[in-house]
1. Go through Lys55/Lys424; Lys95/Lys141; Lys95/Lys224; Lys180/Lys385 and tell me which ones have a Cα-Cα distance over 32 Å in this structure.
2. Between Ser421 and Asp345, what length in nm is gained on full extension when 0.36 nm per residue of separation is reduced by their alpha carbon distance?
3. Once the convex hull of the C-alpha atoms of the range 41-347 is built, how many Å³ does it hold per residue, rounded to a whole number?
4. Could you calculate the FRET efficiency of Asn80 with Val218 from 1/(1 + (r/R0)^6), where r is the beta carbon distance between them and R0 is 35 Å, rounded to 0.05?
5. Compute the FRET efficiency between Lys263 and Ser62 as 1/(1 + (r/R0)^6), taking r as their Cβ-Cβ distance and R0 = 51 Å, and round to the nearest 0.05.
6. Excluding residues fewer than 8 places away in the same chain, name every one of the aspartates and glutamates whose C-alpha is closer than 12 Å to that of Lys103.
7. Enumerate the calculated ³J(HN,Hα) couplings along the range 401-408 in order (Karplus 6.51 cos²θ - 1.76 cosθ + 1.60, θ = phi - 60°), each rounded to whole Hz, writing x wherever the residue is Gly or Pro.
8. May I ask you to compute the full-extension gain from Glu30 to Asp334, defined as 0.36 nm times their residue separation minus their alpha-carbon distance, rounded to one decimal in nm?
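We did not get these values from a lab; they are worked out from the coordinates using the rules stated. Model, not experiment: these values are computed from the prediction. Cβ atoms come from the backbone with ideal geometry, glycine included; neighbour counts cover every protein chain shown.
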Amino acid sequence: MKIFSLFLLIFIFVNIVKSNTTPKSLFKNEEIIDSSEDVKVILIMTFKRMNDFSKCLDSIISANHSNEYHLVLTQSVSMNDYNEYNQLEDILNEKINQNQNQKLFKSITHIETESSSKQPYGNAYFAFKNLVHGMKFTVEKLFPNLQSLIIFEEDVEISKDVFEFFEASKSIMKKDKSIKFATTAFFLHTTHPQYNWLLDKPLKRKSIRNENSLSLLVPNQLNKVTFNGEIEFKVLSWLLDRSIINQLILDFNIIENWVIENKFEDKIENKPNTNKPELLKNNCDCWNHDRYLELRFKGLKFIGSQSPRCNHIPVGGFGLSSVLDDYGFPVNQDYIKSNQFVMGDEINGEKSVWGIVKEFLPKFECPSRINCYNNQTNQYCGTLKVSTCLNIWGPPPLQCVPCSGRKTSTLDPQCNQEFSSCCKENCNAHNPFFISIPSLH
Ligand SMILES: *[C@@H]1O[C@H](CO)[C@@H](O)[C@H](O)[C@H]1NC(C)=O
Ligand SMILES: *[C@@H]1O[C@H](CO)[C@@H](O)[C@H](O)[C@H]1NC(C)=O
């Protein structure tokens, strides 16, 4: 009797502790859901941006064919704070209730990844951990024979035809085994000697106009691109082959063991020449999974959507497609069916014309600014922060134009708004930089 009551006490105690720390998830699956090879699965990496996540989910739901997919959500839970974890389930329930006469996904699974990051947006190591943990759970527990996986970040919105793009990519990948990834957005960069992934974003300015700039975007075109460390493969909404998933799981195991052995969880410094596992040092000398995979899988190829099919959900008016941001590309609006895509140029990152420009411009970078002048008084009114790229396709003298390829004059309204007292609705935006390269013309 005594033993029994002690037992009972312990049992109750354990239960109380458990229910305090681990909330009961309504969407937790522990069993195999589908063991077929052609099962379609979306994995979303989430953390704390729940307003963005709600919009992200809306855009996925309104994309055609999303109901053919299983949904897995992997969420970092930092320091046992389940606030956003519970919010996410409320959002899921809300969407399910709003759409009672249609099944949104084939199944929904929500899992947590332990994190000890104290930063509001986490850090690159814990994001990497959350991604790999999500992949591992997806392939080891839920869909053991899955052949490819689509991954979204919690703060993206996607085009209505995004799943048509992924289907088209998958069928190309079936025939060409050198292609292991697909992405809905990618950017080409210069081989500028100062260009370095490890520098902060403001310094990663592109000196050469992106060949995929606005006027050149073709919604039904795909490019086969080689990973070479000079191309920005966006991991906002992408697909990867099962063989890569397996490799990433193995790699991350080594990385995680290093972090645990060195008690490094609170000491991650995402800078070059700081302590890191060899595997990271040798590939990007960073903790970001996107930069890491570009170098880890150097030489392999991906299918890139020529016209972006994803965008960061704008925060305070800024997203990937805002005219004031780095790229300024709008998300593709033309619905293309999976059998309507065509292959465009193959890109290996080393365009001959880039080499010529590089010789002429060893130290050159386009500034991240466009100047505003009042066209009545010729007064300089101020500067807008916009990434500019050298338009090597334009007539001489070459100009630094917004990297999106939008005309500089599309920024007139921004000038008038930002510097209203000086502009008085009469401002024109000007490129502050010109250069002449005789051999290009
Ligand atoms: C969505 O997919 C269905 C089924 O393939 C197709 O009939 C329909 O035309 C698609 N929607 C659009 C906008 O093309
Ligand atoms: C001055 O700029 C405004 C836009 O801010 C434009 O509408 C107007 O045509 C410009 N005037 C001249 C003389 O260029």
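1. Lys55/Lys424; Lys95/Lys224; Lys180/Lys385
2. Difference between extended and current length: 22.6 nm.
3. Dividing the Cα hull volume of the range 41-347 by its residues yields 135 Å³.
4. Working: r = 49 Å, r/R0 = 1.39.
That pair, Asn80 with Val218, gives E of 0.10.
5. Values: r = 46 Å, r/R0 = 0.89.
For R0 = 51 Å, the calculated efficiency reads 0.65.
6. In chain and number order, the partners are Glu68.
7. Running phi through 6.51 cos²θ - 1.76 cosθ + 1.60 with θ = phi - 60° gives 10, x, 4, 5, x, 5, 5, 4 Hz.
8. 105.5 nm
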